[in-house]
Amino acid sequence: MEASKSLIARGNGRAYGDAALNPRGTLLMGRNDRFLSFDPQSGRLTCEAGTLLADIVAAFVPLGWFPPVTPGTKFVTIGGMIAADVHGKNHHGAGSFGDHVESFDLCTADGAVLRCSATENPALFHATRGGMGLTGLILRATFRLNSIETGMIRQETRRAANLDEVMAQFEESQAWTYSVAWIDCLASGASIGRSLLYLGEHALVAELPVDRRTAPFDIPRKSAKRVPLDFPGWALNRFSIRAFNELYYRRGRPGTELVDYETYFYPLDALLEWNRIYGASGFMQYQCVLPKTASRAGMQALLRKIASAGAGSFLAVLKLFGRQEGLLSFPMEGYTLALDFRVTSETLSLLVELDAIVHDHGGRLYLAKDARTGSKMIRDGYPGLASFRALRHILDPQVKFSSLQSQRLDL
Ligand SMILES: Cc1cc2nc3c(=O)[nH]c(=O)nc-3n(C[C@H](O)[C@H](O)[C@H](O)COP(=O)(O)OP(=O)(O)OC[C@H]3O[C@@H](n4cnc5c(N)ncnc54)[C@H](O)[C@@H]3O)c2cc1C
């Protein structure tokens, strides 16, 4: 740390933008990956911050434990999950990952290692969850896993003909542990926002077929497929996306089925190098959240703009959030929309227009997904930013911890 003028921690590099990059010093945390202690009574796990969620899931699901919150990939580290205060499909009920972290040890700019929790150094605890690595290095963390009876999820699929319908279904389904909707980002007119809503619960042993009840954590092993080449730029266009979306929406059969947890939570992890579908010029993810009162009008405006540009991809997701906790945590009570765009000059211009809609509706962008927005957008979207900056100034006057993102956005 002494040798480098400034640096940033890097977990497994799954943030989409420049949050874990600093050309002067990028500290790879991935070798810091040991489990330190586990209490089988309470599910309390202490591990080093470079531990991959994939390793936790592989070790603990067979013992009947599941992470309290998981993002849509398990190839993330615990440090990255705290620093981005990640959310999952259960945010409306369970909050974000930081809500389940009892404590962590943080190495600050002066080299001190501080235990942070809701009662020890609480201001630092609050700033570090969601603080994108800018308060220091998270070294180890303690959190509780949830007890599960099986490795399967009871999934209920519902169709919604438009945005009003899917929002009504989200509101009605808040007693479900998990909910997420795939949304057809190119549907227009009366069908704007048509979706498939996927609700989920951890299945109980009694819900499994009789012959599987003796091995409830055995799930079918599928080998991951690999995208073999960069798709040509023209392959992903408004016609191919529209055709895919039509087919996907029609094939989404309403009803209940049992799916394994890998299929429910990590569908993209089964397709290695899926980013190559977007071609050699790459892609950007755009994720925003709008306050609940503005969500209907704001989402309509965003979807109208995206559909008329014929942009976006088949991986568009809508989700209902609960509350926000950390100073820079992304979630707020309202709806979040996430979708991928192939990088072209047209989509970059479109994203500027989307920013304006998000801004006008009192929303904000997710730092873990951003590589391009401006500081005003973030300043106006995050009311906690002024307090975050003030704390950072006291804690790290020499700006030891800094990323390309923090410099770009003046965090
Ligand atoms: C396919 C896919 C699906 C995703 N789905 C979701 C989702 O559903 N919900 C969601 O919230 N996010 C989601 N994400 C984003 C991802 O969860 C976050 O970007 C997460 O922070 C990545 O963790 P990482 O270990 O790869 O961290 P990195 O990408 O390496 O770093 C992310 C941030 O964490 C900081 N950081 C990392 N380790 C430490 C440490 N030890 N100490 C201090 N700071 C540290 C970095 O400085 C950086 O600011 C998804 C990403 C992908 C690729």
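All other residues whose Cβ lies under 14 angstrom from that of Ala187 are scored, Lys and Arg at +1 and Asp and Glu at -1, for a net of +3. For a modelled paramagnetic label at Arg159, 7 Å from Cα along Cα-to-Cβ, the residues of the range 180-202 in reach, with backbone nitrogen under 20 Å, are 180-200.
Listed by chain and number, the aspartates and glutamates whose alpha-carbon sits under 16 Å from that of Lys5, ignoring those within fewer than 8 places in the same chain, are Asp110, Asp396. The length gained on full extension between Phe244 and Ala356, counted as 0.36 nm times the residue separation minus their Cα-Cα distance, comes to 37.5 nm. About the centre of its Cα atoms, the range 269-411 shows a dipole size close to 180 debye [charges on the beta carbon of Lys, Arg (+1) and Asp, Glu (-1) only; nearest 20 debye].
Taking 7 Å steps out from each Cα toward its Cβ at Ser308 and Thr73 produces label points 3.3 nm apart. Computed from phi, the 3J(HN,Hα) profile of the range 190-203 under the Karplus parametrisation 6.51, -1.76, 1.60 (θ = phi - 60°) reads 5, 8, 4, x, 5, 8, 10, 9, 10, 9, x, 9, 5, 6 Hz, with x in place of Gly and Pro. Summarising the label geometry, the points placed 7 Å from Cα in the beta-carbon direction at Arg372 and Asp211 lie 5.1 nm from one another. Using the Cβ-Cβ distance between Gln300 and Ser147 with R0 set to 25 Å, the FRET efficiency from 1/(1 + (r/R0)^6) comes to roughly 0.05.
Screening the chain for DSSP H helices whose Cα atoms reach 20 Å or more along their own axis and whose mean Kyte hydropathy is at least -1.0 gives 292-309, 345-360.
Think of each Lys and Arg Cβ as +1 and each Asp and Glu Cβ as -1; about the Cα centre, that makes the dipole of the chain roughly 740 debye.
The simple Förster model, with R0 at 51 Å and r as the Cβ-Cβ distance, assigns Arg221 and Arg44 a FRET efficiency of 0.95.
In the elastic network of the chain, a GNM with C-alpha springs shorter than 10 Å, the most mobile of Ala307, Ala141, Ala54 is Ala54. Only the Cβ atoms of Lys and Arg (+1) and of Asp and Glu (-1) were treated as charged; on that basis the dipole of the range 31-181 about its Cα centre amounts to roughly 320 debye. Amide H to amide H distances under 5 Å link Leu27 with Ile8, Ala9, Arg10, where only residues 5 or more positions off or on other chains count and H is placed in the peptide plane. Under 16 Å from a label point 7 Å along Cα→Cβ of Lys5: give me every residue in the range 15-38 with its amide N that close. Only 22-26 fall inside the zone, counting backbone N under 16 Å. For the chain, the 222 nm mean residue ellipticity estimated from helices alone, with every DSSP H stretch of n ≥ 4 adding -39500 (n - 2.57) and the total spread over all residues, rounds to -8000 deg cm²/dmol. Hydrodynamic radius of the chain by the Kirkwood approach over all distinct alpha-carbon pairs: 22.0 Å. Taking the convex hull of the alpha carbon atoms in the range 97-147, what volume per residue do you get, in Å³? It is 70 Å³ per residue. Working from label points 7 Å from Cα in the Cα-to-Cβ sense, the Glu257 to Glu333 distance is 3.6 nm. Beyond 21 Å in Cα-Cα separation lie the following of the pairs Lys74/Lys222; Lys292/Lys319; Lys74/Lys400; Lys74/Lys369; Lys89/Lys369; Lys74/Lys225: Lys74/Lys400.
We did not get these values from a lab; they are worked out from the coordinates using the rules stated. Only a predicted model underlies this, so the values are computations on that prediction, with no experimental measurement involved. Ideal geometry is used to build each Cβ from the backbone, glycine not excepted, and the neighbour counts take in all protein chains shown.
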